[in-house]
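Nothing in this text is a laboratory measurement; each read-out follows from the coordinates by a stated rule. All values reported here derive from a predicted model rather than from experimental measurement. Don't worry about glycine lacking a Cβ; one is built from the backbone with ideal geometry, like all the others, and counts go over all protein chains shown.
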Amino acid sequence: MSTPLPESFRHLNELVAARLPERPKLAAMFARCFANTYETTLRPQPDGTTFVITGDIPAMWLRDSACQLRPYLALAAHDAALADMIAGVIRRQVAFVPLDPYANAFNEVPNDAHYSAADQSDIAIHPQVWERKYELDSLCFVLQLAWLFWQATGRTEHLDGEFARAAHAIMDLFRREQHRATESTYTFLRENCPPTDTLTHGGRGAPVAETGMIWSGFRPSDDACELGLFIPGNMFAAVALGYLAE
């Protein structure tokens, strides 16, 4: 962003420097690192939302954007402008999910840019979807950020009808992928790539038993799951659904 850093950043940097009087280089490194997301990745949108590039790629990952913004929650309760920006990120995530709940990363505009133009899936890839690797944790991070923002600020305006729409889309997907063999049509194929970048068995991934767990095609590294009932992702889903219930 071209705007100056929030005053709350300066106060935090002063606090860190005071706690590290004999480590000025470390304090300076903290200040640079803490500001990096704010200075280099945020793109305010005309609709009041905020798009967050993941860094070296001009796309917004649901997981990455949640984690990039999470450190700022510590300041959001006493910095209304910063809180507004985070709320804008949540609203952007919530707008993306119903476009394609199976997508992990999105474009700033529907420009038909994709990680690989040759990617194949069970439906045509939406022009605003950068990549359609279904990762269970990505959807959990959307719910987590919304909950953490509420906990940090007490604000609830982001928990609106659009949020409910996204939450329903997430719940529908979770239920569908509990019955991978009989109810899910999702596939993902990428050619001429490492085996971790595509799913086996014609894009469906290895067969799994029905256990009540939620199937995931890819894990948080964006690498394919060898075992689709990805236990850490299911543990996260259990926690995230608790956030949603609360």
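Nearest 5 percent is fine: what portion of the DSSP beta bridges confined to the chain is antiparallel?
Here the share of antiparallel DSSP bridges comes out near 90 percent.
Once the dipole of the chain is set up with Lys and Arg at +1 and Asp and Glu at -1 on Cβ about the Cα centre, which of Leu159, Ile53, Leu20 lies farthest towards its positive end?
Highest projection toward the positive end goes to Leu20.
Along the Cα→Cβ direction, 7 angstrom out, place labels at Val239 and Ala124. What is the inter-label distance in nm?
Label at Val239, label at Ala124, 4.0 nm between them.
Extent of region 41-245 along each principal axis, from alpha carbon coordinates, in Å, largest to smallest?
Sorted from largest, the Cα extents of region 41-245 read 51, 36, 26 Å.
In degrees, nearest 10, range 0 to 90: what is the angle between the Cα axis of helix 231-245 and the longest Cα principal axis of the chain?
60 degrees
For a footprinting-style exposure proxy, rank Glu177, Glu135, Glu22, Glu226 by other Cβ within 10 Å, fewest first.
Glu22, Glu226, Glu177, Glu135
Quick one: helix 80-99 against the long Cα principal axis of the chain, what's the angle to the nearest 10°, folded into 0 to 90?
10 degrees
Please give the helix 24-40 orientation as an angle from the longest Cα principal axis of the chain, in degrees from 0 to 90, rounded to the nearest 10.
Taking the Cα atoms of the chain, the angle to 24-40 is about 50 degrees.
For the residues Trp61, Trp147, Trp130, what sequence is obtained by ranking on other C-beta atoms within 10 Å, fewest first?
Trp147, Trp130, Trp61
Based on Cβ point charges of +1 for Lys and Arg and -1 for Asp and Glu, what charge dipole magnitude is obtained for the chain about its Cα centre, in debye rounded to the nearest 20?
Here the size comes out at about 500 debye.
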